[in-house]
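A short worksheet on the structure shown next.
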Amino acid sequence: MRHMLFTAAAISIALAAGPAFAQRDPAYQSARAQGLVGEQPDGYLGIVGTPTAELRALINNINIQRKKQYTDQAAAGSTVQQMAFVTGCNLIQRTAPGEKYQAPDGRWLTRGSEPPVRDPRCL
Amino acid sequence: MRSRCTKSLGTVRHATAVASVAMLAGGCVNVSAPDKPIVINLNISITQEVVYRLDNKAKALIQENPGIF
């Protein structure tokens, strides 16, 4: 009985404190891990190779939700685009090795262990 | 690097004929590589002060919405 309680507690703590990808839609996480979609400097997801209907639907769904958050969070004195840009800086910084991101010159790059190539205005 | 845009000219008549064909074909193409890497401006106007102001917000936003980021 105590073993079960301990296990249940351990699992719930792991889920709550786990890395972000534990809460992503599995299709989204899979597309990210395969490098089919990647982070753009403007704060939104982009399709890396040939677009498919599924990928388009996937990123549109997520990008719409992101845009809502950017709109809510952009305080007086900044624009939605600026909030999106600064978030994009952070998102690219947080890409895991193997994932794709877009450099400021438009190239899609694969994240390695070194810091990503970002717009010079990013912190 | 010498681009293809320069042509060696023969007689005036020949040069005119060559030039006309080149213009019909769409003109010259410069095949030398650019000196500097191509930088596409993201076309966003943002000052460093705004970046500083928004950065902590952006970090919090990502933490609080892990499913979409």
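None of the figures in this text is laboratory data; all of them are computed from the coordinates on show. All figures in this text were calculated on a predicted structure; none of them were measured in a lab. Cβ sites come from the backbone with ideal geometry, for glycine too, and all protein chains shown count toward neighbours.
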Inset, instruction - For A:THR87, state whether it is hydroxyl-bearing (Ser, Thr, Tyr), facing chain B (nearest Cβ under 9 Å) and closer than 19 Å to B:SER45 by Cα. - result: yes
Inset, instruction - Output the residue which, of all residues in the stretch A:45-65 that are touching a strand residue (DSSP E or B) at 6+ places or on another chain (Cβ under 8 Å) and at the interface with another protein chain (Cβ under 10 Å from one of its Cβ atoms), is farthest from B:LEU61 (Cα to Cα). - result: A:LEU45
Legend entry - Where a residue in the stretch A:97-123 is within 10 Å of chain B (Cβ to nearest Cβ) and its partner, wherever it lies, is part of a loop (DSSP other than H, G, I, E, B) and among the hydrophobic types (A, V, I, L, M, F, W, C), with Cβ under 6 Å and at least six apart: A:ALA103/A:VAL117; A:ASP105/B:ILE38; A:ASP105/B:VAL39; A:ASP105/B:ILE40; A:GLY106/B:ILE40
Legend entry - Output for the stretch A:97-116, where each listed residue is touching a Phe, Trp or Tyr at 6+ places or on another chain (Cβ under 8 Å) and assigned to a loop (DSSP other than H, G, I, E, B): A:ARG111, A:PRO116
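Do we have A:ALA76 as more than 9 Å from chain B (Cβ to nearest Cβ) and within 13 Å of the chain's Cα centre (by Cα) here?
no
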